[in-house]
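Structure first, then comments.
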Amino acid sequence: MSKLAIDGGTPVRTDPWPARLQIDDREINAVMELMQATKAGGAFDRYGGVHVDEYEVKFAEAVGTRWATGMSAGTAAVHSALGALRLEPGTEVISSPITDQGAVMPVVAQGCIPVFADASPECMNMSPEGIRAKLTDRTGAIICGHIAGIPCEMDEIMAIAKERDLFVIEDCAQAHGATYGGKVVGSIGHLGAYSLMSGKHTVAGGQGGMVTTDDEELYWNAKRFADRGKPFNSEVGSNLFLGLNYRMTELDAVIGKVQLTKMMDIADRRRAFVYKLKDEIADLQAFSVCWYPEKSDPAWWFLLIRIHVDKLTCDKATAVQAIQAEGIPMGMNYGAIATKAHWLQERSAFGRQSQFPWDCVWPDGDWEWALDVPNAWAADENHMRMGVHECCDEQSALDTAEALRKVEEAYRA
């Protein structure tokens, strides 16, 4: 057995990890064409332009929905999807236990209350059992985040929603091109919300978002909400309801249109890396690619590696350090457990002393149950996080497998 690099041996990989090359001349040319058109009197804003409209149509086609409407950010997309539902204040919204706060803050901004479904310890997504445990008579919607690009168990989630007459919003921020049952995520729930910020599979400039749906009323409501409640497709002559300015720009859209043509190739190349690695480490006892639903094909925004510390003589931190020393970019965990956020723990949303909306619905202060997600903490502890992208090649997968094998052999229990 070769000596571990952490102990002075030769690392498995000495070459730098592949850099992600997200754009090429196609995006640059698209931006320059827009600049020239704007110089000649064209529009940067979607009003007077054509690119946002075209991007929305193409995005809906790519996802497989009837409609899509562009936003300024992924948080704006979640907020506009919620705004489209027209939920009453105080409505409880089942939320993902592990997610970015941008998927949670819009709930409170709408005067609703996030109630966190627990995860499976084998996956960071909310579980159907976790959802059922948090349902009450006040539940109105479910926001299910496809974390790491792994689709949630959508058949079960949609069945729960149908039983209880609930809306489902798919948070697809990390799952561009992922499929479940042959359908692209964002086309299964009542609404889908995409983030298009820099670093995601596909981008619309530095920021951007998109809402997708097959429901015409929800489509118009989302579009209205994202433009201050404007009366699109309505005979009313003034703004219909409260909304914000979340409009996408023409500059976002010209970049986004080019990126959209790459979406499935990006997802496929990431899948090729992960499935090669999965095959190469199938016989290992301490490490494996994380669980995902059998009928899903994840898009892998990052990779979760399951670690079984009971199969090792070292702890997780030591194993991670040893893998890193072999030249593999492995992290301890994801860490984005939503309920540990300070603002949620303190119910700090509106004003300095108010605990609105929590204290209006639960005046006795009994709200800790809504934050109780023990399996989410276990899932974070059970997994390591590895940065992967479409430029990670077969050799990168082989090197990762060799490093994991080397570490397991050195620390095998």
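Points worth noting:
- All positions within the range 148-162 that are over 20 Å from E88 (Cα atoms) and of a type in the set (D, E, K, R): E153, D155, E156
- For the range 1-15, a tally of residues being surrounded by fewer than 15 Cβ atoms within 10 Å (Cβ to Cβ), among the small types (G, A, S) and in contact (Cβ under 8 Å) with a residue 40 or more places away in the chain returns 1.
- Among the conditions (1) surrounded by fewer than 21 Cβ atoms within 10 Å (Cβ to Cβ); (2) in a helix (DSSP H, G or I); (3) touching a residue at least 12 places away in the same chain (Cβ under 8 Å), E122 misses just one, which is (2).
- Residues of the range 77-99 satisfying the condition of being under 14 Å from the mean Cα position of the chain (by Cα) and within 11 Å of D171 (Cβ to Cβ): A77, V78, S95, S96, T99
- Selection status of H51, closer than 27 Å to G351 by Cβ and either in contact with a strand residue (DSSP E or B) (Cβ under 6 Å, 6 or more places away or on another chain) or touching a residue at least 60 places away in the same chain (Cβ under 8 Å) (or both): no
- Near pairs, Cβ below 9 angstrom, 6+ apart or cross-chain, from the range 175-196 (under 14 Å from W67 (Cα atoms) and at pLDDT below 95) to any residue that is part of a strand (DSSP E or B) and among the acidic types (D, E): none
- Within the range 147-172, residues that are among the charged types (D, E, K, R) have Cβ atoms under 6 Å from residues that are in a helix (DSSP H, G or I) and crowded, with 23+ Cβ neighbours inside 10 Å in these pairs: D171/A103, counting only partners at least 6 apart in sequence or on another chain.
- Options E33, E61, E27: the member that is surrounded by 14 or more Cβ atoms within 10 Å (Cβ to Cβ) and among the charged types (D, E, K, R): E27
- Taking the range 222-231 as the range and being in contact with a strand residue (DSSP E or B) (Cβ under 6 Å, 6 or more places away or on another chain) and in a helix (DSSP H, G or I) as the test, the residues that pass are A222, K223.
- Unique residue being on the phi > 0 side of the Ramachandran plot and under 18 Å from the mean Cα position of the chain (by Cα) when the list is G111, G149, G102, G145: G149
- E27 falls short on exactly one of the conditions (1) in contact (Cβ under 8 Å) with a residue 60 or more places away in the chain; (2) over 26 Å from G387 (Cβ atoms); (3) not in a loop (DSSP other than H, G, I, E, B), and that condition is (2).
- Sole exception among (1) within 15 Å of the chain's Cα centre (by Cα); (2) farther than 22 Å from A84 by Cβ; (3) of a type in the set (D, E, K, R) for D171, by number: (2)
- The residues listed here are Y219, Y194; of these, the one that is of a type in the set (F, W, Y) and touching a helix residue (DSSP H, G or I) at 6+ places or on another chain (Cβ under 7 Å) is Y194.
- Among the residues making up the range 270-284, a single one is in contact with a Pro (Cβ under 9 Å, 6 or more places away or on another chain) and not basic (K, R): V274.
- None of P89, P18 is under 22 Å from R269 (Cβ atoms), outside any strand (DSSP E or B) and touching a residue at least 60 places away in the same chain (Cβ under 8 Å) except P18.
- Residue within the range 130-146 that is under 24 Å from Q207 (Cα atoms) and assigned to a helix (DSSP H, G or I) present: no
- Options I157, I169, I142, I188: the member that is in contact with a helix residue (DSSP H, G or I) (Cβ under 7 Å, 6 or more places away or on another chain), farther than 24 Å from A267 by Cβ and buried (at least 20 other Cβ atoms within 10 Å of the Cβ): I142
- Only one of W369, W358 that is among the aromatic types (F, W, Y), in contact with a Phe, Trp or Tyr (Cβ under 6 Å, 6 or more places away or on another chain) and at negative phi: W358
The values are calculated or read from the model by the stated rules, or taken from the named source; none is laboratory data. Keep in mind the model is a prediction, meaning the values are calculated, not measured. Positions of Cβ are backbone-derived with ideal geometry, glycine not excepted, and every protein chain shown enters the neighbour counts.
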